[in-house]
Amino acid sequence: MIEFDNVSKQYSRDAYALRDVSLSIPDGELIFLAGASGAGKSTLLKMIAGIEKPSSGRVIVNGQDISKLKAGSLPYLRRKLGLILQDQKLLSDRHVLANVMLPLIVTGASASEAESRARIALDKVGLPDKAQAMPMELSGGEQQRVAIARAIVNRPKIILADEPTAFLDRDNANKVLSALKIFQSAGVTCVISSHDEQFLDQASRVIYLRHGQVADSWQAAVAA
Ligand SMILES: Nc1ncnc2c1ncn2[C@@H]1O[C@H](COP(=O)(O)OP(=O)(O)O)[C@@H](O)[C@H]1O
Ligand SMILES: [Mg+2]
């Protein structure tokens, strides 16, 4: 369960990235976070991961108030999250399998254990034959599916994906969403942001953001 309780975020004194956001996301749902560029989607996702702290209000993930977590506990929280964020590109100097193994290696798994779990993750996103490819050799959609594989090797309970379908054509975007849905059907909560209306009907619920506030509909979210 993810809960936002009157959360506001100000990066500067008079600019709110989020204002009085209250919402709750039950376990196992696939939620779209929709809104125009600048609406606060990335900020909201980063708060779930504890990357940004609320200026006021509380963010509670699996019963824990994120802003009260000590810095030392954050890596432990993040390990339970699968993050597909925009500023976390694949490492271009190593092949796909090594990229997907990385989260396991840094948490102390043996190389053989990491490799077998990374191969299973690549299977799940439909890319078993790309293990030895370099990221540059893949299409944008395939790179995003590798990022999903990397995000799920630690078997997270929650996946946060920030605009994973941006820059993809419809066919590739659908493949990325299908890959995420497989994890949702296995019980993982998925929160996916998008500024694109065309996929919203695939979610169990859509949360619309407009200028940092929750809005009622896509029309209300994009209204000037
Ligand atoms: N690190 C930051 N410092 C200052 N302002 C920021 C920062 N990150 C985001 N913002 C501002 O907060 C607002 C919401 O941004 P963001 O959460 O990135 O929206 P979205 O992901 O929906 O495009 C925007 O006005 C943006 O300029
Ligand atoms: Mg964003």
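Its Cα centre serving as origin, the stretch 1-116 has a Cβ charge dipole (Lys and Arg +1, Asp and Glu -1) of approximately 360 debye.
Based solely on its DSSP helices, what 222 nm [θ] is calculated for the chain when runs of n ≥ 4 H residues each add -39,500 (n - 2.57) and the sum is averaged over all residues, nearest 500 deg cm²/dmol? Walk me through the numbers on the way to the answer.
Values: 7 runs with 73 residues, N = 224.
Mean residue ellipticity at 222 nm (helix-derived): -9500 deg cm²/dmol.
Quick one: dipole size for the chain, taken about the Cα centre, charges +1 on Lys/Arg Cβ and -1 on Asp/Glu Cβ, in debye to the nearest 20. Before the final figure, lay out each step's value.
Numbers: 27 positive and 24 negative charges, 139 e Å.
Roughly 660 debye for the chain.
Look at the dipole of the stretch 24-102 built from charges on Cβ: of Gly57, Pro75, Asn99, the Cα furthest out on the positive end belongs to Pro75.
How high is the FRET efficiency between Ala133 and Asp201 when r is their beta carbon distance and R₀ equals 35 Å, given to the nearest 0.05? Intermediate values should be presented prior to the final figure.
On the way: r = 33 Å, r/R0 = 0.94.
Efficiency for this residue pair is about 0.60.
Axis of helix 140-152 versus longest Cα principal axis of the chain: the two differ by about 90°, to the nearest ten degrees.
How far, in nm, would the chain grow between Asp93 and Ser112 when pulled straight, counting 0.36 nm per residue and subtracting the alpha carbon separation?
Fully extending the segment from Asp93 to Ser112 adds 4.8 nm.
For the chain, the longest principal axis of the C-alpha atoms and the axis of helix 111-124 are separated by about 70°. Spatially close Lys pairs in the stretch 1-148, defined by Cα atoms under 19 Å apart and a spacing of eight or more places or different chains, total 17. In the chain, the longest principal axis of the Cα atoms and the axis of helix 170-185 are about 90 degrees apart.
No lab work stands behind these numbers, since they all come straight from the coordinates. Here the structure is a predicted model, which means the values were calculated and not measured. No Cβ is skipped: glycine too gets one built from the backbone with ideal geometry, and neighbour counts run over all protein chains shown.
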